[in-house]
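What follows draws every value from the coordinates through simple rules; no lab data is involved. Remember, predicted model here, so these are calculated numbers, not experimental data. Reconstructed Cβ throughout: ideal geometry from the backbone, glycine too, with neighbour counts over all protein chains shown.
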């Protein structure tokens with residue numbers, strides 16, 4: 001369990017308080033070198049805490065090793081250093097350091113966070129209890145302060161935990177101070193050698209600058225000295241801000257101690273311009289109050305960002321539109337339909353979905369070839385758009401695939417307006433179409449479904465329209481309206497839903513698990529839970545056959561609860577075996593607008609005593625569009641519980657960048673449709689590379705789905721993608737097969 005400590009909040013007249021105060025005031029701490037200071041702290045803390053061993057460890061820059069800076073052993077009054085612990089050998093301990101402020105391992109040899117040390121370290125030294133407080137800087141773990149009790153077990157008190165955290169904070173400050181001392185010695189070298197422009201501003205004028213600033217602006221030292229920063233800018237910025245006033249305001253703020261960081265346009269001496277990141281910080285030089293400024297030319301990055309935005313736009317268009325006709329596609333119909341149905345429900349109006357299937361198109365396509373068939377489809381699309389314009393109705397046209405088109409009509413919708421639209425459409429289609437010297441006449445069979453009479457979602461309405469269209473085609477009619485009598489699938493659909501309820505109650509469902517690995521180390525760091533249904537009559541039912549049905553009804557809630565409960569049981573089972581394996585669970589759009597869902601998840605975590613960090617919830621961008629406001633509230637509640645959140649199938653939604661800014665997520669999963677062909681498709685390769693860079697700029701981990709071969713895995717590693725899953729690693733398998741795969745991986 002994660003603990004949060006502030007330093008120090010301990011009752012007065014307490015030895016721990018007195019020790020902390022004495023150390024905080026000691027010149028041996030703040031004026032000595034780091035080794036001497038840490039030795040003094042370790043000896044003092046060992047005495048007041050009555051423990052045999054106290055040590056201080058620092059993480060290396062790659063966060064893969066702990067290096068011992070100081071180890072005090074009371075029996076010999078000796079100080080040691082230099083021991084190295086690798087994260088690959090102690091992965092659970094390193095994970096605990098990243099997630100927890102204080103590790104209070106009262107039973108160190110059996111505690112899941114520390115028992116990795118038992119054979120090599122704890123038992124030989126008879127260490128029974130450990131109290132570890134992490135050293136942190138700017139929210140990131142930098143190392144750890146360790147107290148070790150030998151011979152006997154020890155239950156650490158709250159005061160001792162707070163003391164440990166407080167001393168850890170003191171050591172963090174001490175290490176930062178020593179870092180500053182080192183930096184001061186190197187400052188002049190960095191000042192002279194850095195590629196960024198560095199300057200000192202006094203009284204709003206530049207009084208010192210480094211050679212890089214002269215190069216960046218193409219100027220001599222005499223030209224820059226005693227000039228103002230605003231004179232290096234155009235009179236106004238692209239957004240209309242007045243340069244001189246804005247620069248002076250920011251310098252004043254920096255002089256008052258408020259760090260300034262912003263982007264700005266500058267002019268070089270030759271008249272060319274560039275875009276830059278500017279940082280302004282307060283600087284005390286003796287009795288003078290100055291500002292230390294840095295300027296970094298980011299013109300290349302801005303161009304790359306613009307290219308990425310354009311790539312995102314093209315990707316969004318490609319994802320949401322048909323490539324042949326450039327009409328919105330099936331996914332767009334469902335996205336737009338959701339919004340239209342919400343508006344219709346509020347206003348009490350109707351919505352109609354018209355499904356059009358061209359008559360005899362297959363014969364034409366087979367006879368004249370696909371090239372002519374594609375030409376006909378493009379021409380039909382243009383004619384349908386013309387028909388909608390002539391109909392003077394509020395309507396939207398989509399191509400669903402093949403020779404199927406759909407129209408959503410909204411606003412004032414009744415049978416008369418629908419039939420008028422149908423008549424206009426058929427009139428346009430029946431006009432002779434010249435194709436390579438031939439004249440063809442295309443007609444269509446049209447099925448109509450109405451909201452709310454025939455369904456309350458775009459999926460339900462489209463299915464009903466399909467039933468009506470098939471009736472019209474088989475009976476030689478131009479148009480047919482849906483009715484229950486036409487629907488031969490209704491009985492099977494109801495039976496399937498009833499059977500699904502029975503499957504939940506009688507445990508016909510099971511979870512398969514697909515591993516997810518750390519690309520750099522190859523270690524398994526979790527898995528995704530995937531639902532399977534072994535029907536007593538029909539055998540294994542594909543998820544695509546029953547999950548969409550469940551999502552259209554209330555049965556999705558008990559189904560999701562079954563999945564979550566089963567995942568929690570499995571996590572608990574693995575923990576009882578000494579394994580900490582995180583499980584990712586997918587939630588549907590209906591779950592995301594259920595305000596009770598977070599409390600149910602919280603209860604399950606408590607019931608099975610599962611750490612929150614071992615559950616990850618995956619959501620898709622499209623799942624947020626049904627009711628974005630409520631969905632964001634539910635997501636925020638999950639975040640407050642400390643549950644990891646991931647965006648699944650990234651790149652197939654429509655507001656990727658905006659959701660990355662708004663959602664409290666930790667992980668981004670790149671959809672397999674981009675990963676599987678990235679070695680052979682340049683567009684997919686650009687999308688994957690840009691997405692990884694974008695995710696890292698938001699501080700997110702990246703999981704690549706659909707990794708099907710070793711070369712793809714290697715390329716992802718070079719792109720610094722953190723994690724991967726796919727058939728090359730392991731297919732989704734039952735738990736027994738997963739355990740065998742996992743154990744073999746460890747060996």
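Numbers for the structure displayed
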{"read-out": "Value in Å of the Kirkwood radius, where the stretch 432-566 supplies the Cα pairs that are averaged", "value": "18.4 Å"}
{"read-out": "Cα long-axis angle, helix 682-697 against the chain (0 to 90 degrees, to the nearest 10)", "value": "40 degrees"}
{"read-out": "Nearest-ten-degree value, helix 299-320 long axis tilted from longest Cα axis of the chain", "value": "30 degrees"}
{"read-out": "Computed [θ] at 222 nm, deg cm²/dmol, the chain (DSSP H ≥ 4; -39,500 (n - 2.57); rounded to nearest 500)", "value": "-14000 deg cm²/dmol"}
{"read-out": "The chain - share of DSSP beta bridges that are antiparallel (%, nearest 5)", "value": "80 percent"}
{"read-out": "Theoretical gain in end-to-end length, residue 77 to residue 498 [0.36 nm per residue, Cα-Cα removed]", "value": "144.2 nm"}
{"read-out": "Kirkwood Rh (inverse of mean 1/r, distinct Cα pairs), the stretch 404-507, angstrom", "value": "15.9 Å"}
{"read-out": "Whole-number D in µm² s⁻¹ for the chain, Kirkwood Cα-pair radius fed into Stokes-Einstein, 25 °C, 0.890 mPa s", "value": "78 µm²/s"}
{"read-out": "Distance in nm between pseudo-label sites at residue 427 and residue 686 (7 Å out along the Cβ direction from Cα)", "value": "4.5 nm"}
{"read-out": "Angle between the chain longest axis and helix 243-255 axis [Cα atoms, degrees, rounded to 10]", "value": "40 degrees"}
{"read-out": "Ranked 311, 391, 61, criterion: other C-beta atoms within 10 Å, fewest first", "value": "61, 311, 391"}
{"read-out": "Percent RCO, i.e. relative contact order, over the chain, from Cα pairs under 8 Å lying at least 6 residues apart", "value": "6 percent"}
{"read-out": "Residues 251, 41, sorted so that the one with the fewest Cβ neighbours within 10 Å comes first", "value": "251, 41"}
{"read-out": "In nm, spacing of pseudo-spin labels at residue 176 and residue 14 (7 Å Cα→C-beta vector)", "value": "2.3 nm"}
{"read-out": "FRET efficiency, residue 334 to residue 32 (Cβ-Cβ, R0 56 Å, nearest 0.05)", "value": "0.25"}
{"read-out": "For the stretch 261-373: rounded, prolate or oblate by the Cα gyration tensor [a/c cutoff 1.5]", "value": "oblate"}
{"read-out": "Rounded FRET efficiency, nearest 0.05, which uses the C-beta distance separating residue 477 from residue 324 and R0 of 41 Å", "value": "0.90"}
{"read-out": "Contour excess over end-to-end distance, with Cα ends at residue 510 and residue 112 and 0.36 nm allotted per residue", "value": "140.5 nm"}
{"read-out": "Per-pair calculated FRET efficiency, R0 = 41 Å: residue 343 and residue 302 via Cβ, rounded to 0.05", "value": "0.60"}
{"read-out": "Percentage relative contact order, the stretch 15-187, counting C-alpha pairs under 8 Å, at least six apart", "value": "20 percent"}
{"read-out": "Residue 258 paired with residue 225, simple spin-label distance in nm, labels 7 Å along Cα-to-beta-carbon", "value": "3.3 nm"}
{"read-out": "Under the Debye formula (equal points on every Cα, no solvent term), log10 I(q)/I(0) of the stretch 15-187 at q = 0.08, 0.12, 0.13, 0.16 Å⁻¹", "value": "-0.22, -0.51, -0.60, -0.94"}
{"read-out": "Shape of the stretch 315-488, Cα gyration tensor, a/c cut at 1.5", "value": "prolate"}
{"read-out": "Length-normalised contact order for the stretch 338-442 - Cα pairs under 8 Å, 6+ apart - percent", "value": "33 percent"}
{"read-out": "Per-q log10 I(q)/I(0), the stretch 194-297, q = 0.13 Å⁻¹ (Debye; single scatterer per alpha-carbon; no solvent)", "value": "-0.41"}
{"read-out": "The stretch 492-746 shape via C-alpha gyration tensor axes, a/c threshold 1.5", "value": "rounded"}
{"read-out": "Packing-based exposure ordering (other Cβ within 10 Å, fewest first) of 610, 54", "value": "610, 54"}
